[in-house]
Amino acid sequence: YNLIMGIIKDCIKGKKTSSIPIWFMRQAGRYLPEFREIRSKNTNFINLCLNPQLSKEITIQPLKRFNIDAAIIFSDILLIPYSLGQYIKFEKDLGPKLDDLNFENIIKSPDEEILKKLNPIYDLLKNTSKEKILSGKDLIGFVGATWTIYVYMLNKKSPKKSLNNDIYNYPNRDDLIQRIIHVQKLHIKKQVENGASLIQIFDSWAGLLSEKKKNQFIYEPTKEIVEFTKSLGVEVICFPRNIQNYKEYCDVVKPNAISIDYNIDPKIISKHIDIPVQGGMDPKILLGDKETLKKEAKRYLDIFKNHAYIFNLGHGVLPETDPSMVDYLVKTVKEYK
Ligand code: CP3
């Protein structure tokens, strides 16, 4: 399937790389003036994601600026609810707002109809993978984890504002979970067939779940998605943000690499986890001065000196980030010996 691959994939496969691989979650987006220019003319965010010409342009924008090792497709985890007919609006500063969930429709919708809605994403992948700027680099496809998608579908907005506790006892809970898994698999397979060299699973709300519930909502579904992705011959990186026990997560879910948040002590990770590690540094460090940035980046690099390590942040690049700080960080990492 994959025509392109880069040093991130090499690192995950245990190969020595000529420098530390680096890319950023949310590297394509709000902090880049060239993104904001396109965005200001395209007020419907979902339509922008589903415009393969523009989404390709946004996908490669960060590669034009920075010496990074991957592009991540410009898309969104909420396109899965969208593909099932649960529509979404993005309100300024309020985040996503989802329509009521219509379970009957969600269960009924045929695969062809779901894939027809997502098809522009596969065109985006196909077109991006042919771009010269991608040669020798990875093209990262992604999905939201089952739990995080389930949260958005039932809570209908970010749980940062408030979480409706009824979601755990939703009457069609198990069927909905199975339905999400089904669409995740369809979507991953198509992304791989169209040029994704790696898949990342974003479980942004993993930290919300209690120990008692994590087996059912996180471990079981994610393990299934990881196995499925591996069966396609593609490596998978998991980002279970703020999960209590990364070691147990890795032992149960068995991703090819684990992306860590900024609340966990990286020393504990390097000591107890032996699979490749990604990320960790607090994105807020990029809002400060260069000296602190360099020091903090080196702290992560030193801790993971003898570990397969992909430099990234502990969450996405913040909208108020100055792109020149990102450039400085990339140079710091690339010069690290
Ligand atoms: O990483 C990248 O650069 C690729 C593109 C990407 C976007 N969203 C574009 C986007 C990726 C990988 C995502 C993932 C995503 N989307 C997650 C998981 C990662 C995380 O941040 O925790 C989540 C939870 C979502 C859902 C979502 N999409 C929210 C809550 C919001 C609104 C708040 C925000 O982050 O802006 C979005 C909108 C969104 N997705 C924007 C972008 C560039 C901003 C759209 C705008 O300009 O208004």
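The values are calculated or read from the model by the stated rules, or taken from the named source; none is laboratory data. These numbers were taken from a predicted model, which means no experiment stands behind them. All Cβ positions, even for glycine, are placed from backbone atoms using ideal geometry, and neighbour counts span all protein chains on display. Heavy atoms of the whole protein, side chains included, go into the accessibility calculation; ligands, DNA and RNA do not. Shrake-Rupley method; radii C 1.70, N 1.55, O 1.52, S 1.80 Å.
Observations on the model:
- Scanning the range 262-302 for residues that are in contact with a helix residue (DSSP H, G or I) (Cβ under 8 Å, 6 or more places away or on another chain) and among the acidic types (D, E), we see that the one that is nearest to E248 (Cα to Cα) is D282.
- Hits in the range 203-221 - residues which are buried (at least 17 other Cβ atoms within 10 Å of the Cβ) and either basic (K, R) or closer than 17 Å to I12 by Cβ (or both): K214
- Residue satisfying condition, being modelled with pLDDT under 95, open to solvent by 50 Å² or more (accessible area, probe 1.4 Å) and closer than 23 Å to P240 by Cβ, within set K156, K132, K161: K161
- Counted residues, the range 285-317 - those being of a type outside the set (K, R) and open to solvent by 60 Å² or more (accessible area, probe 1.4 Å): 7
- The criterion of being of a type outside the set (S, T, N, Q) and either modelled with pLDDT under 95 or touching a strand residue (DSSP E or B) at 6+ places or on another chain (Cβ under 8 Å) (or both) holds for V333.
- Beta carbons closer than 8 Å, at least 6 apart along the sequence or on distinct chains, pair a first residue in the range 93-105 that is within 16 Å of the ligand (Cβ to nearest atom) with a second that is of a type in the set (G, A, S) and at pLDDT below 95 for G95/S158; P96/S158.
- Sole exception among (1) touching a residue at least 40 places away in the same chain (Cβ under 8 Å); (2) over 27 Å from L154 (Cα atoms); (3) open to solvent by 20 Å² or more (accessible area, probe 1.4 Å) for F45, by number: (2)
- Qualifying residue in the range 130-138 (condition: over 30 Å from F66 (Cβ atoms), assigned to a helix (DSSP H, G or I) and over 20 Å from the mean Cα position of the chain (by Cα)): no
- The range 132-152: number of residues that are more than 15 Å from the ligand (Cβ to nearest atom) and in contact with a helix residue (DSSP H, G or I) (Cβ under 6 Å, 6 or more places away or on another chain): 1
- The range 220-337 holds helices (runs of 4 or more DSSP H) entirely within its bounds, and those carrying 3 or more residues that are among the β-branched types (V, I, T) map to 220-231, 323-335.
- For beta carbons closer than 7 Å, sequence separation of 6+ or different chains, a first residue in the range 318-335 that is charged (D, E, K, R) and open to solvent by less than 60 Å² (accessible area, probe 1.4 Å) and a second that is assigned to a helix (DSSP H, G or I) and at pLDDT 95 or above, the qualifying pairs are D327/R65.
- Hits in the range 28-40 (condition: open to solvent by 50 Å² or more (accessible area, probe 1.4 Å) and closer than 25 Å to L98 by Cβ): R30, R36, R39, S40
- Leading residue by the ranking (most open to solvent (accessible area, probe 1.4 Å)) among those in the range 79-92 that are hydrophobic (A, V, I, L, M, F, W, C) and within 14 Å of the ligand (Cβ to nearest atom): F90
- Residue within the range 4-27 that is surrounded by fewer than 23 Cβ atoms within 10 Å (Cβ to Cβ), outside any loop (DSSP other than H, G, I, E, B) and either modelled with pLDDT under 95 or within 11 Å of the ligand (Cβ to nearest atom) (or both) present: no
- Here K117 passes the criteria (1) exposed (fewer than 15 other Cβ atoms within 10 Å of the Cβ); (2) modelled with pLDDT of 95 or more except the one numbered (1).
- So D76, is it within 16 Å of the ligand (Cβ to nearest atom), open to solvent by 20 Å² or more (accessible area, probe 1.4 Å) and in contact with a Cys (Cβ under 8 Å, 6 or more places away or on another chain): yes
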